[in-house]
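Worksheet: the structure to be examined is printed underneath.
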Amino acid sequence: MREEQSVVYVIDDDPSMRDTLEDLFRSVGLEVRVFASTQEFLAARRPDAPACLVLDVRLPGQSGLDFQRGLAASGLDLPIVFITGHGDVPMAVQAMKAGAIEFLTKPFRDQDLLDAIQAGIERDRARRRDAPLVAELRTRLESLTERERQIMALVAIGQLNKQIAAELAVSQMTVKVHRGQIMRKMRANSLPELVRMADRLGVHPKARQP
């Protein structure tokens, strides 16, 4: 079976940069779609394929960093490679903390950009491959009670029954019963497997109220 064709999206308001990047990506056999604005990108139909977004930081109106946050809030998990002619360290740190693949300052080496895009496409391909499993795990998680979710989160960070009991002001026997229910509902065969599930689902203990 032929491998699914991946796509590189480019959002940059500089026409010459768009042309340069399009030529570069096509020269190495990549499918590419270019856009002058984030609005154009959102309005366009996009193929159902592994992808990576090359995004300029400074755009008219909404910045690339704001757009990154908006994509995440909308549930569109698209790997992003930032490019900019006016970057700084705090900006790069912000982008990377939010999940960007790379933050490149113009002028950058073509190979650095291509390497970053390949990493992004591989990440998206893995996400798409795992999507059915993650959806199934979310369904299992929804079957847990609020208390069971609390205990699962504490178990996932390595707390013992007595520590969880003290944290939640319940008996150790109550914690033990809940843990058994969690293992059954999540269909986890071992504690390490449950921890991996929690990590995939982003299950973490809620911060205590001051």
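What follows draws every value from the coordinates through simple rules; no lab data is involved. Since the model is a prediction, treat every value here as computed from it, not as a measurement. Every residue, glycine among them, receives a Cβ derived from its backbone with ideal geometry; neighbour counts consider all protein chains shown.
Give me the number: length gained by fully extending Lys206 to Ala73, i.e. 0.36 nm times residue separation minus the C-alpha to C-alpha distance, one decimal in nm. Walk me through the numbers on the way to the answer.
Numbers: separation 133, 0.36 × 133 = 47.88 nm, distance 1.97 nm.
Between Lys206 and Ala73, full extension yields an extra 45.9 nm.
Listed by chain and number, the lysines whose alpha-carbon sits under 26 Å from that of Lys206, ignoring those within fewer than 8 places in the same chain, are Lys97, Lys162, Lys176, Lys185.
Calculate the FRET efficiency for Arg184 and Ala126 from the Cβ-Cβ distance with a Förster distance of 25 Å, rounded to the nearest 0.05. Once the sixth-power term is evaluated, E becomes 0.30. A Förster radius of 30 Å combined with the Cβ-Cβ distance from Ala44 to Met96 puts the calculated FRET efficiency at roughly 0.65.
Is the range 143-201 best put as rounded, prolate or oblate by its Cα gyration tensor, with a ≥ b ≥ c the root eigenvalues, rounded for a/c under 1.5, and otherwise prolate when a/b is larger than b/c, oblate when not?
It comes out prolate by the Cα gyration axes.
For Ser37 and Val89, what is the calculated FRET efficiency with R₀ set at 25 Å and r taken between the beta-carbons, to the nearest 0.05? Write down the numbers at each step before the final one.
Working: r = 27 Å, r/R0 = 1.07.
Computed FRET efficiency for Ser37 and Val89: 0.40.
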